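A short worksheet on the structure shown next.
The values are calculated or read from the model by the stated rules, or taken from the named source; none is laboratory data. What you are looking at is a predicted structure, and each value in this text was computed from that prediction instead of being measured. Here the Cβ positions follow ideal geometry from the backbone for every residue, glycine too, while neighbour counts run over all protein chains shown.
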Amino acid sequence: MGNPSEHRIVESSSSYVKYTTVTGFFLQDDPTTDPRNFDYVISNLGLINQTYPTDPEHDPDLSKSLWQRFAYYIQYLNMHSPKTTTYRLLYLARHGEGVHNVAESYYGTKAWDCYWSKLSGNGSTTWADAHLTANGIAQAQVAHNFWRTTIMNQGIPVPQSYYVSPLDRCLATANVTFTGLKDVLPRESPFVPVVKELLREALGVHTCDRRSSREDIVKNYPGYVIEEGFTEMDQLWDPDVRESNGQIRARLKTLLDGIVINDENMFISLTSHSGAISAMLHVLGHRPFELQTGSVIPVLVKVDMMEGQGPSTSIAPGIPAPTCET
């Protein structure tokens, strides 16, 4: 098929990255698919059973798995695209249930937003840089089992790159999900995740979204790669102002641009949060699709490097911390 790196896109001062979700391959693309009762495991990540234009040359008797035929089709798209275009399959994973999720359910969203989320905990539970609950760990184990089974039985294209939010619930989710798959992962695609500062939940006010120090992350996750420029202490979190939707979308656009420009791999895993994934889906031109904790959504994306300046957008300022009304 050739080398996909021949089609690596290159940024210039007079160009911008345009994203288009390529629909028709996953159930999550279909507006009739209800996110509230969608199970990524029993649906095979939502991959639609179909034939591909490359089947006659690649697998005329359809003896290969659906995932193998789909992966070949993506490779074909990349090798027959202009040099300013690439196709990427992104696996967007939400962390497992965290202690902050349980606390918000217990207190109610209104009380959580106006009071409890600003505290580090309630005296018996700490949710600053929230950790996974036992249920959250179990959800990540479900993801681990899905990857192991689907790699072994169907040859699903494994991530060639792994990116993860610096918040502990994501670091732990990725760890449970992918550590221990060494025996089924290709030697050229080991689990070596890169911690990305911008791959975070909405910034500000909620202490569960304030990350730990760089030193603590390195100590607790020694096999992870910390991206260049990662500060010792969290300099993005503001106790008084929370990001607007426009701000989080702009931040995730910056993150995605950096990844697709500097990483030429086709199959990419990103472990993050509900708000970050919602923002990425918006940036990628995907329909809204709310993930339950521990769930995964795949997105086939067409990435174009466009000449000129990108479309201008108006970004609302951050939102001051709410106060409880009596």
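Data overview
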quantity: Residue among Ile268, Ile259, Ile277 that is in contact (Cβ under 8 Å) with a residue 60 or more places away in the chain, assigned to a strand (DSSP E or B) and under 15 Å from the mean Cα position of the chain (by Cα); calculated: Ile268
quantity: Residue match in the range 48-57 (condition: under 30 Å from Gln292 (Cα atoms) and among the acidic types (Asp, Glu)); calculated: no
quantity: Close pairs (6 angstrom Cβ cut-off, 6 or more residues apart or separate chains): of a type in the set (Asp, Glu) in the range 77-98, at pLDDT 95 or above and not in a loop (DSSP other than H, G, I, E, B) anywhere; calculated: Glu97/Asn135; Glu97/Gly136
quantity: Cβ-Cβ under 6 Å pairs, at least 6 apart or on other chains, the range 25-44 side among the charged types (D, E, K, R), far side assigned to a loop (DSSP other than H, G, I, E, B) and surrounded by 10 or more Cβ atoms within 10 Å (Cβ to Cβ); calculated: Asp29/Thr23
quantity: Scope the range 222-256; condition under 17 Å from Ser161 (Cβ atoms) and assigned to a loop (DSSP other than H, G, I, E, B); matching residues; calculated: Gly223, Tyr224, Glu227, Glu228
quantity: Set Ser81, Ser105: member being among the hydroxyl-bearing types (Ser, Thr, Tyr), assigned to a loop (DSSP other than H, G, I, E, B) and either at pLDDT 95 or above or more than 23 Å from Arg242 (Cα to Cα) (or both); calculated: Ser81
quantity: Leu47 being closer than 22 Å to Val301 by Cβ and out of contact with any Gly (no Cβ under 8 Å at 6 or more places or on another chain); calculated: yes
quantity: Candidate set from the range 1-38 (those that are in a loop (DSSP other than H, G, I, E, B) and among the polar types (S, T, N, Q)); member that is modelled with the lowest pLDDT; calculated: Asn3
quantity: Pair list, Cβ under 6 Å, 6 or more apart: the range 203-214 residue surrounded by 22 or more Cβ atoms within 10 Å (Cβ to Cβ), other residue part of a loop (DSSP other than H, G, I, E, B) and at pLDDT below 95; calculated: Val205/Ala321
quantity: Thr177, sole failed condition from (1) under 25 Å from Tyr87 (Cβ atoms); (2) touching a residue at least 60 places away in the same chain (Cβ under 8 Å); (3) surrounded by fewer than 21 Cβ atoms within 10 Å (Cβ to Cβ); calculated: (3)
quantity: Hey, Leu300 within 24 Å of Glu243 (Cα to Cα), touching a residue at least 40 places away in the same chain (Cβ under 8 Å) and part of a strand (DSSP E or B) or not; calculated: no
